[in-house]
Amino acid sequence: MATQETVDHKYVYDFAEGNRDLKDLLGGKGANLAEMTNLGLPVPPGFIISTEACKAYLATGEEPAGLAGQIEAHLESLERGMGRRLGDPDDPLLVSVRSGAKFSMPGMMETVLNVGLNDRSVVGLAARAGGNERFAWDSYRRLIQMFGKTVCEVPGEEFEHALDEAKRARGTTDDLDLDADDLHGLVDAYKKIFLKHTGRDFPQSPREQLDLAIRAVFESWNAERAVLYRRQERIPADLGTAVNVVAMVFGNLGPDSGTGVAFTRDPASGAQGIYGDYLANAQGEDVVAGIRNTVPLQELESIDKRSYDELLVIMARLEGHYRDLCDIEFTIERGKLWMLQTRVGKRTAAAAFVIAGQLVDEGLIDLDEALHRVNGAQLAQLMFPRFQLDHGFEPVAKGVGASPGAASGKVVFTSARAVELAGEGEAVILVRRETNPDDLNGMIAARGILTSRGGKTSHAAVVARGMGKTCVSGADEIDVNVPARRLTVAGQSVSEGDVISIDGTTGKVYLGEVPVMPSEVVRYFEGTLDPAEADDALVKAVHRIMTHADAARRLAVRANADTGADAARARRFGAQGIGLCRTEHMFLGDRRELVERLILARTDTERSDALAALLPLQRDDFVAIFREMDGLPVTVRLIDPPLHEFLPPLEQLAVDVAVAQERGEDVAKEEALLAAVRRMHEENPMLGLRGVRLGLVIPGLFAMQVRAIAEAAVRVTREGGSACPEIMVPLVGAVQELETVRAEAEKIIAEVVGDSGVEVLIGTMIEVPRAALTAGQIAEAAEFFSFGTNDLTQMGWGFSRDDVEGAFFWRYLELGIFGISPFESIDRDGVGRLVRIAAEEGRAARPGLKLGVCGEHGGDPESVHFFHSVGLDYVSCSPFRVPVARLEAGRAAVETAGSDSR
Ligand code: PEP
Ligand code: MG
């Protein structure tokens, strides 16, 4: 039973009651409509049903108590304000019913327009439109179509077939050639379709239409495509959508009416200017669906100068008010401009940087705020390569550069085929005439998206930009034939499976695979492009924001690098040291034989001979790295993986030995190898003889590495350089393990270093849960901790890091057990808690203990924020991710300083 409290709960808000800060409650669209209303802009009147009402409906399957009455009251006030009533046969009020969640989910949820039309009010609408019967019947048929499809799940193709049939009968392919009689006939046909599929007549009661449409919008929050989109965009599943009920204004009343979309700056490049699309004599969904090709917004100036000028004034006002790029939907009804939506616009990664820089120049935001407005994922996108076009590649078509990037792949024409081929590891380009929300799966699977219709604001463009996926839209020289699985362009035919390349920056389309070259942003990071000389606004903006991030951040950023070349690259990318030098690869290649000798040694002498032969090689490895990292710390990790990984695989060796024996060959060596492999075989090698355990079992192994590190450091220092080695012991679970290794290492270091002035730190990885939980003890024997979050996640969750992602993570993601793989982004609650405990207890035992992370999470934007909050000193990641980590560390610092607007 409803309590008094729920009865009184406020679920419906007039536009004048809201503002842009109420997105949680009113959704993004509603909150911004309210904001524009309060700014005095021409917004058609309306009201918002809150996300709370949606959540209550979804929880119980029924409208919450009090909602119906509140809708009634707001509807009456809307009717009074407009001087019209819903369903009035003489002069009806019509409303649109639109979804609007906190985060924009373009096209993923439902909208129903023209609610309030029925067999009687359609006549009144024609009279109100100055006797324009065509318009009235067109509006009515749109209502039945949208309502049927979204509210009652009538298959959309049936309406489309009926529309095609009407056009065929009239001998045209253009909707605009249908006259009032044709459309009246179409309404009758649509009604029959409706009856056939629902078993009832199309509802004539406007209030019933309204209530059912509101319900359908609520329910569309859980539609499959919306769920998928949220998962992809990491939008929480429990936010619900608001519903906006707005008085209809009409862009399809004739040539002095129209509808459009505008951006206050170019959402693709960030360039200042007027960007957008306009479509005369049309309703909003025609533009977004890309059904008819639009004209550039500038052309509105010659079509309707007064509205155009007013629009420019409003755009400037909105941009100043929101201090950001805004995107706008508007309609002109008989020369009167109406604003239907605004929001801070989605933009490409490049535009995000460029716009943030411009807004600083314009004094609208400061540099801290500019840092907020960009993120590491965008920076990573800018580091992708571009097409290299000096190989004689000529474009075969040009569309709109809707979402930048360079993508090559096999052509597919359906979403299902895109998913299938991508699942087999193929790169695919999804080619469609236009996309619709049902294509979402295919868009996610594809490397790039190409459409032959639609502009920068078409569904394909908006969704691809949101996902950071390359997209070319509206390449209208391309004729797409989906049933034949073929496209034709420039007299050539391209079939499913043929390779094409698309450039989402220029909009150009190429046949075949175009080679790629490094991005300018990478050239800037590598130091081969001077930002002062670059005439590229993007490079300048990146430089400026990175400089601020570096000044703001508290976390240092190091790189994981195992060779001199990697170390050099990492340094160019801004690494302040090496956080993890894995030494195991140094035991491969032509050193394999020495390692085999070590493993197969039967006597102490054999073993020490093998180690003695490895020592100078290891020393040279470290000399190269210390030279590159002159003056910066280098954490060298002693050998970690089980030794049998350095031997041939058991099955292969067994077969080889058997075959050789059969042939009567001398296989004594191979037999010894096989016996060793058998001896060392482990059921769970990841939990077996590796890391510190190996160091404690194979005498002299760690000692050789420690000696090589110390000798290399001394040599580089004697050359006049400065080596700062940090020796790191892997897989420690108990302080006694570390103490044993440490005691031996200290002796060797003292002996080698002498009076050279070299200082060698000794620390440990924290990657076994027990180490995290006994960090206070371990800190007594460690000068630093480096969190190995790969193993800590593996052992914290009990997930085999090599198996689970392919085996069953898809199901865990589907069930929402986690929103992203814990190997990609740190699990704050569990594994993150282990990190926090170890950091706190380690520092309590040894104030000033140096703390870092060197697992993959060190380069993950979300995780960097977490490590900042835990108080680590540095993150370490692969060289290519160093700039991303620098940026995110700067953002984390600025956010904790208090100006959080994420
Ligand atoms: C880790 O476990 O996080 C780590 C850095 O070590 P590796 O990935 O080499 O096991
Ligand atoms: Mg590890």
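The values are calculated or read from the model by the stated rules, or taken from the named source; none is laboratory data. These figures come from a predicted structure and were not determined experimentally. Don't worry about glycine lacking a Cβ; one is built from the backbone with ideal geometry, like all the others, and counts go over all protein chains shown. Just so you know, the surface numbers come from the protein's heavy atoms only, side chains and all, with ligands and any DNA or RNA stripped out. Shrake-Rupley method; radii C 1.70, N 1.55, O 1.52, S 1.80 Å.
Note on surface exposure: PHE103, PHE194 rank PHE103, PHE194 by accessible area, highest first, 1.4 Å probe. Using θ = phi - 60° in the Karplus curve 6.51 cos²θ - 1.76 cosθ + 1.60, the 3J(HN,Hα) couplings for the stretch 149-162 round to 6, 8, 8, 10, 6, 6, x, x, 4, 4, 5, 5, 4, 5 Hz; x is entered for Gly and Pro. Think of the chain as having a plus end and a minus end, set by charges on the Cβ of Lys, Arg, Asp and Glu; of ASN118, ILE748, VAL659, ASN118 sits farthest toward the positive end of this dipole.
Orientation-averaged projection of the stretch 198-325 equals 11.4 nm² [convex hull of Cα atoms, one quarter of hull surface area]. Over the chain, DSSP H runs of length four or greater, each weighted -39,500 (n - 2.57), average out per residue to a 222 nm ellipticity of -14000 deg cm²/dmol. By the Cα gyration tensor, the stretch 524-658 has an equivalent ellipsoid whose semi-axes, rounded to whole angstrom, run 43, 17, 13 from largest to smallest. Taking the longest Cα principal axis of the chain as reference, the axis of helix 23-38 is set at about 50 degrees. For LYS23, a cut-off of 23 angstrom between C-alpha atoms picks up these lysines, skipping any fewer than 8 places away in its own chain: LYS10, LYS55, LYS102, LYS346. ARG607 sits with roughly 50 Å² accessible to a 1.4 Å probe, with DNA, RNA and ligands left out of the calculation.
For TYR278, the accessible surface of its heavy atoms amounts to roughly 10 Å² (probe 1.4 Å, protein chains only, rounded to the nearest 10).
Taking the protein heavy atoms of the stretch 763-871 in the context of the full set of protein chains, the accessible area attributed to carbon and sulfur is 49 percent at 1.4 Å.
Residues whose amide H comes within less than 5 Å of that of SER403, counting only those at least five positions distant or on another chain, are CYS471 (H built at 1.01 Å from N in the peptide plane). Centroid-to-centroid, using Cα positions, the stretch 591-633 and the stretch 27-67 are 69 Å apart. Here is the P(r) of the chain: all C-alpha pair distances, binned every 10 Å from 0, give 2, 10, 18, 20, 17, 13, 9, 6, 3, 1, 0 in whole percents. Once Rh is set to the Kirkwood radius over Cα pairs, what Stokes-Einstein translational diffusion coefficient, in µm²/s, holds for the stretch 472-597 at a temperature of 10 °C and a viscosity of 1.306 mPa s? D = 81 µm²/s. Among residues other than VAL706 with Cβ under 11 Å from its Cβ, the summed charge is -1 (Lys and Arg +1, Asp and Glu -1). In square nanometres and to one decimal, what's the mean projected area of the convex hull around the Cα atoms of the stretch 49-139? Averaged projected hull area, Cα only: 7.4 nm². Rounded to the nearest 20 debye, the dipole magnitude of the chain is 700 debye, with +1 charges on Lys and Arg beta carbons, -1 on Asp and Glu beta carbons, and the Cα centre as origin. One Cα centroid belongs to the stretch 498-518, the other to the stretch 141-191; the line between them spans 39 Å.
Seen against the Cα atoms of the chain and their longest principal axis, helix 51-60 is set at about 80 degrees. Using only Cα atoms, what Kirkwood radius does the stretch 347-416 have, in angstroms? By the Kirkwood definition, the hydrodynamic radius is 15.1 Å.
Dipole orientation for the chain: of the candidates GLN388, ALA271, PRO518, ALA271 has the Cα lying most toward the positive pole (charges on Cβ; Lys, Arg +1; Asp, Glu -1).
Taken over the stretch 750-902, the alpha-carbon convex hull comes to 154 cubic angstrom per residue.
Heavy-atom accessible area, probed at 1.4 angstrom with all protein chains present, ranks THR528, THR414 as THR528, THR414, highest first. Put TRP338, TRP137, TRP221 in order of accessible area, highest first, and with a 1.4 Å probe you get TRP338, TRP137, TRP221.
Within a Cβ distance under 10 Å of ILE71, other residues only, what is the Lys/Arg minus Asp/Glu net charge? With Lys, Arg at +1 and Asp, Glu at -1, the neighbours total -3. Using θ = phi - 60° in the Karplus curve 6.51 cos²θ - 1.76 cosθ + 1.60, the 3J(HN,Hα) couplings for the stretch 261-275 round to 10, 9, 10, 6, 8, 6, x, 8, 10, x, 4, 6, x, 9, 10 Hz; x is entered for Gly and Pro. Scattering from the stretch 677-787 was approximated by placing one identical point on each alpha carbon and applying the Debye formula without solvent; log10 I(q)/I(0) at 0.18 1/Å stands at -0.90.
Accessible surface of GLU63, taken over heavy atoms with a 1.4 Å probe and every protein chain present, rounds to 70 Å². Of all beta bridges that DSSP places with both ends in the chain, some 60 percent have antiparallel geometry.
So how tilted is helix 604-628 from the main axis of the chain? Cα-based, degrees 0 to 90, rounded to 10. On a 0 to 90 degree scale, this one is about 50. Farthest toward the positive end of the dipole of the stretch 323-476, out of ILE444, GLY474, VAL374, is the Cα of GLY474, where the dipole comes from beta carbon charges about the Cα centre. Using the Cβ of ILE766 as centre and a radius below 11 Å, the other residues enclosed give a net charge of -2, where K and R count +1 and D and E count -1. Cα centroids of the stretch 327-358 and the stretch 808-870: 38 Å apart. Close amide H pairs (under 5 Å, H built 1.01 Å from N) link ILE766 with SER786, PHE787, GLY788, residues at least 5 positions away or on another chain.
Taking amide hydrogens as placed 1.01 Å from N in the peptide plane, the amide H of GLY87 sits under 5 Å from those of LEU93, each at least 5 positions away in sequence or on another chain.
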